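Here the structure comes first, spelled out in structure tokens, and everything after it is commentary.
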Amino acid sequence: MGGALLDGWLASPTPPRLVILDRHRSRSDDTVTIVRTAAEIPADFQPDIIVLAVKPSAAEIVIDALGKALGPRLNGAAILSVMAGRTCETLSDSVRRAGADIPVLRAMPNTPSSVGAGISGLYASTAATHEQKSICHDLLFAVGDVVPVENEDDLSVVTAISGSGPAYVFLLTELLEKAGQQHGLAPNVARRLARGTIYGAGRMLDDLPESAEDLRKAVTSPNGTTAAALAVLMKPDAWPQTVPKAIDAATKRADELAG
């Protein structure tokens, strides 16, 4: 997820000033400085926000390394975690062990952030200042839209809906491509039709005020081809049952990671 955010920030017309701790990238310019270890962070760099985009199991190691490298400068920052499952409370404990007591915010972006079309749920702990909330909002807004949530527990559902959601759309696209090929379309034709359909439907959802239900009904002529397909997809044991089950499974897994 960190890579998707970075790609989106670098493509933004007004990218933020960044110091990136990444062992696999190599780029430094007026906007971005890449370091391979926390010890290489420039001595005159004071972070406002530390975006924590690592595997949950590595969070403590990274926070400890940042504490040692930044020293008192760590107290001038706030943490923005984009990790699934790690709560503000557990991250705050790790930060205190590193010698600081700073606010923790959590966000759940998604991979379309890499092309500036992401959407992020954002939760801010009560310790975060208005300025820190604003900076985090602006960072996420630079790569898409931002939806604030009032309860940290809501991030599990955000993870299931929008964090994991691109994979559901990619699966639908994949299945449409395969079905087109099975019915005789050339692979490149099936691919363009499937991808163009998903893109166009997404544009309509974003641009038009109608609900998804109303848009679906508008394209469904009685006894037509769309109605024939939806009669299969909307059977009680098809999408109306399996989609909620999938979201339940993803939400439960996010809760387990938090536990």
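The values are calculated or read from the model by the stated rules, or taken from the named source; none is laboratory data. Remember, it's a predicted structure, so these values are computed and weren't measured experimentally. Every residue, glycine as well, gets a Cβ built from its backbone with ideal geometry; the counts of neighbours run over all protein chains shown.
Determine whether region 204-224 contains at least one residue that is more than 30 Å from the chain's Cα centre (by Cα), of a type in the set (Val, Ile, Thr) and not assigned by TED's automatic domain parsing to the domain that holds Leu91. Yes - at least one qualifying residue is present in region 204-224. Counting the residues of region 74-92 that are in contact (Cβ under 8 Å) with a residue 12 or more places away in the chain and either part of a helix (DSSP H, G or I) or of a type in the set (Val, Ile, Thr) (or both) gives 9.
Please tell me if Ala229 is closer than 30 Å to Ala128 by Cα, assigned to a helix (DSSP H, G or I) and outside the structural domain of Ala107 (by TED's automatic domain parsing).
When the stated conditions are applied, Ala229 does not pass them.
When region 43-73 is filtered for residues that are in a loop (DSSP other than H, G, I, E, B), farther than 26 Å from Met108 by Cα and not hydrophobic (A, V, I, L, M, F, W, C), only Asp44 remains. When Thr87 is tested against (1) under 20 Å from the mean Cα position of the chain (by Cα); (2) on the phi > 0 side of the Ramachandran plot, only condition (2) is not met. A residue that is out of contact with any helix residue (DSSP H, G or I) (no Cβ under 6 Å at 6 or more places or on another chain) and among the β-branched types (Val, Ile, Thr) occurs somewhere in region 192-208. Please verify whether region 20-42 includes one or more residues that are among the β-branched types (Val, Ile, Thr), at pLDDT 85 or above, in contact with a helix residue (DSSP H, G or I) (Cβ under 7 Å, 6 or more places away or on another chain) and in a helix (DSSP H, G or I). Within region 20-42, none of the residues are among the β-branched types (Val, Ile, Thr), at pLDDT 85 or above, in contact with a helix residue (DSSP H, G or I) (Cβ under 7 Å, 6 or more places away or on another chain) and in a helix (DSSP H, G or I).
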